[in-house]
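Q: What follows is a structure written as structure tokens; I'll ask about it next.
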Amino acid sequence: MNSFMFFSPTKVVFGTDTAKQTGAEVKAFGGTNVLIFYGTGNAIKSGVLDIVTKSLEAEGIKYSCVGGVQINPLVEFAQKSVDDFKDKGINFVLGVGGGSVIDTAKAVAHGLANPNVPIWDFFTLKTELKASLPVGTVLTIAAAGSETSMSAVLTNKELGIKRGLGTQFNRPKFAIMDPVLTYTLPPRHTACGVTDILMHTLDRYFAPDTGNAVTDELAEALMRTIIKYGAVVMKKPDDYKARSELMWAGSLSHNGLMGLGQTMDFAVHQLGHALSGLYDMPHGESLSVAWAAWARYVYRDDIARFARYARCVWSIPNTNDEEAALLSAADAALAGIAATEDFFRQINMPVKLTEAIGEKCKDDIDALADFCTYHKTRTIGAFRVLDFEDIKEIFEAMV
């Protein structure tokens, strides 16, 4: 193993009916006046918001609710929430939903603790974040892993830019995780979630510094599990086994464990952020569109790594097939990329940008590369460092 530092302090409360424990958990972490965020309907439809508020009332905890967080959460929405509640004595922020809601809760917690600093200043690293309010989460979709991660992502609608912030202040105090709450998700949301979970591990797995046996074995097992139960849940949305495995996989995929001892690449996420920023497309769809184009562009930099991925995750080549066993490492690598692409198709995710947003994208390649490089001021990636021209070619391959 290479050297690493691992810190994952979030308390996980996992299982059926655990949302009823929300009030007790908030109280345990000192919350007395809570600001609750939720999305555009599922928290109400599933009944979880009512369960959560009743649990807070049972503990004598004051609360206010803000709904309407959208799939690509906006800094403008978060900033307005800070401005509306900065004088209300809020001392705890609770996200009831998926990654968009939780990321909004994190951002608002930062803003409430620093009311004189615009939230966007933290996300652009103009101002260092040194204080925040405690955050708790009640998860309703297995996807972003934000419930246990140090990450948060917001979109600046005015600028058309999506930025992430990594800080230990983003670590939630607790995560309530009841797989039953995900039963009512639309199929598209479920598929986007499965894709995001898989990609959080893939963006760590393809790193320039490998040789971490435990990390690799954990990551490969997790990816096999995501693929297996991702296919199941698309056919059986109320399958508790599949939902529970995916929910826990979502947390493990993004709490840092899957990349210990390795340098995170996250080029695919950066490509996806440019797509979401320009087209406001769902994050999961931006990833399924971007991954194979990126993989085919960079796989020659470490063919053995891609061949291992094909072998350990997709069983390519099948050792019981003499002809398949004769595959070269390069052929196996490409077969593994194709298998991943086929999986995305199986769960009804787009693998080409034209499938997701139409023919108009063909005129936007330069703009996308410009957004992704912050107007040619940065490179992305670690598996292979990508500059403007590289990124432009990858976007062209997505069309």
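The values are calculated or read from the model by the stated rules, or taken from the named source; none is laboratory data. Everything numeric in this text was worked out from a predicted model, so none of it was measured. Here the Cβ is made from the backbone with ideal geometry for all residues, glycine too, and neighbour counts use every protein chain on show. We work out accessible area using only protein heavy atoms, side chains counted, and drop any ligands, DNA or RNA first. Shrake-Rupley method; radii C 1.70, N 1.55, O 1.52, S 1.80 Å.
Q: Restricting things to alpha carbons, tell me how big segment 88-162 is in terms of Rg and Dmax, in Å.
A: My reading of the Cα-based Rg and Dmax gives 12.3, 34 Å.
Q: Please give me the summed charge of the neighbours of ALA293: other residues whose Cβ is under 13 Å from its Cβ, Lys and Arg +1, Asp and Glu -1. Display every interim value, and only then the final one.
A: On the way: positive: ARG296, LYS352, LYS392; negative: GLU341, GLU355, ASP390, GLU393, GLU396.
The answer is -2.
Q: Would you mind checking which residues have amide H under 5 Å from LYS11's amide H? H placed 1.01 Å from N; only 5 or more apart, or other chain.
A: Long-range HN contacts for LYS11: PHE174, ALA175.
Q: Moving on to the next point. Quick check: with the 1.4 Å probe, what order do GLU389, GLU25 take by accessible area, largest first?
A: GLU389, GLU25
Q: Now for a separate question. Would you compute the Debye intensity of segment 168-288 from its alpha-carbon atoms alone, equal scatterers and no solvent, and pass along log10 I(q)/I(0) at q = 0.14 Å⁻¹ to two decimals?
A: -0.64
Q: Can you find, among SER3, VAL66, ILE161, the residue sitting farthest towards the positive end of the charge dipole of the chain, where Lys and Arg contribute +1 and Asp and Glu -1 at Cβ?
A: VAL66
Q: For segment 226-376, what number results from the quotient of the Cα radius of gyration and 2.2 N^0.38 Å?
A: On the way: Rg = 17.1 Å, N = 151, 2.2 N^0.38 = 14.8 Å.
Working it through for segment 226-376, the quotient is 1.16.
Q: Given just the C-alpha atoms of the chain, how large is their convex hull per residue in cubic angstrom? Could the numbers behind the result be given before it?
A: On the way: hull volume 52.4 nm³, N = 399.
Convex hull of Cα atoms, per residue: 131 Å³.
Q: A follow-up question, please. Any chance you could count the Lys pairs in segment 216-375 whose alpha carbons are under 13 Å apart, treating pairs 8 or more apart or on different chains as valid? Let's see the in-between values first.
A: Numbers: LYS228/LYS236; LYS228/LYS241; LYS352/LYS360; LYS352/LYS362.
Within segment 216-375, the lysine pair count is 4.
Q: Find the accessible area per residue for the chain; the probe is 1.4 Å, ligands and nucleic acids are left out, and the unit is Å².
A: 40 Å²
Q: With charges set only on the Cβ (+1 for Lys and Arg, -1 for Asp and Glu), what does the dipole of segment 59-116 come to about its Cα centre, in debye to the nearest 20?
A: Computed about the Cα centre, the dipole is about 60 debye.
Q: For HIS375 paired with MET1, estimate the spin-label separation in nm (one decimal), with each label point 7 Å from Cα along the Cα-to-Cβ line.
A: Rounded to a tenth, the inter-label distance reads 4.4 nm.
Q: Pairing the Cα long axis of helix 329-346 with the longest principal axis of the chain, what angle in degrees results, from 0 to 90 and rounded to the nearest 10?
A: 40 degrees
Q: For TRP314, what accessible area in Å² do you get when you roll a 1.4 Å probe over the heavy atoms of the protein chains, rounding to the nearest 10?
A: 50 Å²
Q: Also: Mind putting a number on the dipole of the chain about its Cα centre? Charges go on the C-beta only, +1 for Lys and Arg and -1 for Asp and Glu, and I need it in Debye to the nearest 20.
A: Taking the Cα centre of the chain as origin, the dipole is about 1060 debye.
Q: Work out the length of the dipole vector of segment 1-104 about its Cα centre, built from +1 on the beta-carbon of each Lys and Arg and -1 on the beta-carbon of each Asp and Glu, and round it to the nearest 20 debye.
A: Dipole size: approximately 140 debye.
Q: How would PHE371, PHE6 line up by accessible area, probe 1.4 Å, largest first?
A: Largest accessible area first, the list is PHE6, PHE371.
Q: If each DSSP helix of 4+ residues adds -39,500 (n - 2.57) and the sum is divided by the residues in the chain, what number results at 222 nm, nearest 500 deg cm²/dmol? Display every interim value, and only then the final one.
A: Numbers: 17 runs with 197 residues, N = 399.
Only helices count here, giving -15000 deg cm²/dmol.
Q: Ok, one more. Would you work out if segment 87-211 is rounded, prolate or oblate? Take a ≥ b ≥ c from the square roots of the eigenvalues of the alpha-carbon gyration tensor; rounded if a/c is under 1.5, else prolate when a/b is larger than b/c, oblate otherwise.
A: oblate
Q: Determine one quarter of the surface area of the Cα convex hull of segment 194-244, which equals its mean projected area, and express it in nm² to one decimal.
A: Over every viewing direction, the Cα hull of segment 194-244 projects on average to 3.6 nm².
Q: Run a plain Debye calculation on segment 1-50 (Cα atoms as equal point scatterers, no solvent) and give log10 I(q)/I(0) at q = 0.32 Å⁻¹, rounded to two decimals, same order as the q list.
A: Taking Cα atoms of segment 1-50 as identical point scatterers yields -1.23.
Q: Working with all protein chains in place, sort SER151, SER315 by solvent-accessible area computed with a 1.4 Å probe, largest first.
A: SER315, SER151
Q: Next question. What are the principal axis extents of the Cα atoms in segment 350-399, in Å, biggest first?
A: Taking max minus min along each principal axis of the Cα atoms, segment 350-399 gives 29, 22, 12 Å.
Q: Under Stokes-Einstein, with the Kirkwood radius over Cα pairs standing in for Rh, what whole-number D in µm²/s applies to segment 154-224 at 20 °C and 1.002 mPa s?
A: My calculation gives 137 µm²/s for D.
Q: Follow-up question, since we're still on this one. Return, for the Cα atoms of segment 1-141, the radius of gyration and Dmax in Å, separated by a comma.
A: Every Cα atom of segment 1-141 included, Rg and Dmax give 15.3, 49 Å.
Q: Would you mind getting me the FRET efficiency between LYS236 and ASP17? Use the beta-carbon distance for r and R0 = 25 Å, nearest 0.05.
A: So the FRET efficiency works out to roughly 0.75.
Q: Rounded to whole Å, give me the distance from the Cα center of segment 222-297 to that of segment 100-154.
A: 21 Å
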